Amino acid sequence: MAATGEELYKQREQRFNDIVALKRPDRVPVIPLVSHYFPTKIKGVSNRDAGFDHDLRLRCLREATVEFGWDFVPATGLFGSDGYEAVGSLQLRWPGGDLPDDAPFQFVEGEYLKAEEYGQFLADPSGTTLSTIFPRIASGLEGLGMVPPLYFLSNMYYLQAVGGGLLAAPPVRAALQALLALGDAAAAGAAADAAHTQDAATQGYPKTWAAPIIPAFDVVSDTFRSLRGSTLDMYRHPEELLQTIDLMQVPTVALAVQAARMFGNPRIFIPMHRGAGGFMSDEQFERFYWPTFKGLVETLIDQGLIPMPLFEGDYTPRLKYLAELPAGKVAGHFDKIDRQKFKEILGDRMCFWGNVAPSLLCTGTPQQVKDDVKELIDLFGDTGALILDSGLGVPDEARPENMRALREAAEKYGVF
């Protein structure tokens, strides 16, 4: 008698949890951490349509999950392009906006907070974000640059005389209308995702994660200061940088916990952009990156959640630090890593997820994919603490035959 969707869902959840806890499972699962355009590309859907048609994009994602034998339905790292369009995003570019219809979306780094504005931001982070950063990241929010410090409006006289005048100003009203349009787009996307998650669960597929959280250093580097700016700050403004990182740690942790509770999914995706070897020295990593990242992971674990860091770039030089994290509690997803060194240092402390090269899935042969998967299973077969995926989730340009080969190799070599 075939298992029901509910039974399959519980089996897949338990298999994942066992692997994270370093318990030997019945088999090695295939779980893409994230998927952007691959499911729609293979259906002939343009990237533009994938960004604006939530139902179509998510239906293609569910169909790909079944077709390629994934154990979880991957979360889509693609947020709706309608939200970017609503506010006139300058920080994110999207296909069908100022990019060709089949281009991937792009993040535009910049010094959206200037080095000389650290003091202003630390003194009033919310006000600076509203009136300084928002107008720089979205053309539709330029009017918010007119808004004075809000504490100035803390009595009814000034709220009416000054605040009322501001709300009547056309640039401010336009910014508020853009934010309302953003809210409408977000609500539409959330409704589509909720229905998609329920449909996938009915078929027996848990969702990989519901909440992505960027580490505090990456918040500052990615969205405030840029790679160039934050790198220079480690030398020129180290104390202001550290204060800002510590400041961002508080809402980062709180948002992760709140989102997990809201969506009922304990798995927290943590994309890590700056911590890999080559971005900073060990001394800088220990001072600027590691303390808040470690604190984030430990707090999530204390809250009964499962941290899922995506260790982007080469993390072989950081293995000694990762060994300090609680054993059997972290689902570490790896892009580039010395597999043997990982096994030696972390084999009894952390499961291994990912690491099949995206280039192999895009340009290799099915047999090459199978050989690489077999190498992984041979290495981790004694513990079974292995989850198969590409190094960075499903590449947009992956060959369907190679994604099938990944599943077939798991079925052939990964049953214990």
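The values are calculated or read from the model by the stated rules, or taken from the named source; none is laboratory data. Note that this is a predicted model, so its numbers are computed, not measured. With ideal geometry, Cβ positions are generated from the backbone for all residues, glycine too; neighbour counts draw on all protein chains shown.
Beta carbons closer than 7 Å, at least 6 apart along the sequence or on distinct chains, pair a first residue in the range 251-264 that is closer than 12 Å to L300 by Cα and modelled with pLDDT under 95 with a second that is among the β-branched types (V, I, T) and in a helix (DSSP H, G or I) for T252/V219; V253/T299.
Just checking, which of L360, L300 is within 21 Å of F72 (Cβ to Cβ) and not hydroxyl-bearing (S, T, Y)? Lay out the reasoning, then the answer.
Details: L360 fails: within 21 Å of F72 (Cβ to Cβ).
Just a single option satisfies the conditions, and that option is L300.
The set of residues from the range 93-141 being of a type in the set (G, A, S), more than 20 Å from V250 (Cβ to Cβ) and either assigned to a loop (DSSP other than H, G, I, E, B) or without any contact (Cβ under 8 Å) to a residue 24 or more places away in the chain (or both) comprises G96, G97, A103, G110, S131. Checking each residue in the range 375-405 for being over 23 Å from G313 (Cα atoms) and either crowded, with 22+ Cβ neighbours inside 10 Å or free of Cβ contacts under 8 Å to residues at least 40 places away in the same chain (or both) picks out D378, G381, D382, E401, A405. The listed residues are L392, L386, L361, and the only one of them that is modelled with pLDDT of 95 or more and out of contact with any Phe, Trp or Tyr (no Cβ under 7 Å at 6 or more places or on another chain) turns out to be L361. For the range 354-372, the count of residues that are within 29 Å of N265 (Cα to Cα), buried (at least 20 other Cβ atoms within 10 Å of the Cβ) and under 18 Å from the mean Cα position of the chain (by Cα) is nonzero.
How many of the residues making up the range 265-275 are among the basic types (K, R) and either at pLDDT below 95 or within 17 Å of P291 (Cβ to Cβ) (or both)?
First, pick out the residues of the range 265-275 that are among the basic types (K, R): 267, 274.
If we keep only those that are either at pLDDT below 95 or within 17 Å of P291 (Cβ to Cβ) (or both) as well, we get 274.
Looking only at that region, the number is 1.
Entry remark, the range 281-306: residues being charged (D, E, K, R) and either within 18 Å of A211 (Cα to Cα) or surrounded by 15 or more Cβ atoms within 10 Å (Cβ to Cβ) (or both) number 4 in total. Among residues of the range 284-311 that are touching a residue at least 60 places away in the same chain (Cβ under 8 Å) and within 16 Å of A259 (Cβ to Cβ), those with a Cβ under 6 angstrom from a residue that is among the small types (G, A, S) and not in a helix (DSSP H, G or I), sequence gap 6+ or separate chain, pair up as I306/A331; M308/A331.
Restricting attention to the range 192-230, the residues that are within 19 Å of F279 (Cα to Cα) and surrounded by fewer than 17 Cβ atoms within 10 Å (Cβ to Cβ) add up to 2. Could you pull out the residue among L180, L99, L176, L130 that is closer than 29 Å to H237 by Cα and modelled with pLDDT of 95 or more? Only one candidate qualifies: L130.
Exactly one residue out of D71, D18 is acidic (D, E) and under 22 Å from the mean Cα position of the chain (by Cα), and it is D71.
Looking only at residues of the range 156-173 that are of a type outside the set (A, V, I, L, M, F, W, C), touching a helix residue (DSSP H, G or I) at 6+ places or on another chain (Cβ under 7 Å) and at pLDDT below 95, we find that the one that is farthest from L61 (Cα to Cα) is Y158. When E111 is tested against (1) more than 28 Å from Q198 (Cα to Cα); (2) in contact with a His (Cβ under 6 Å, 6 or more places away or on another chain), exactly one condition is not met: (2).
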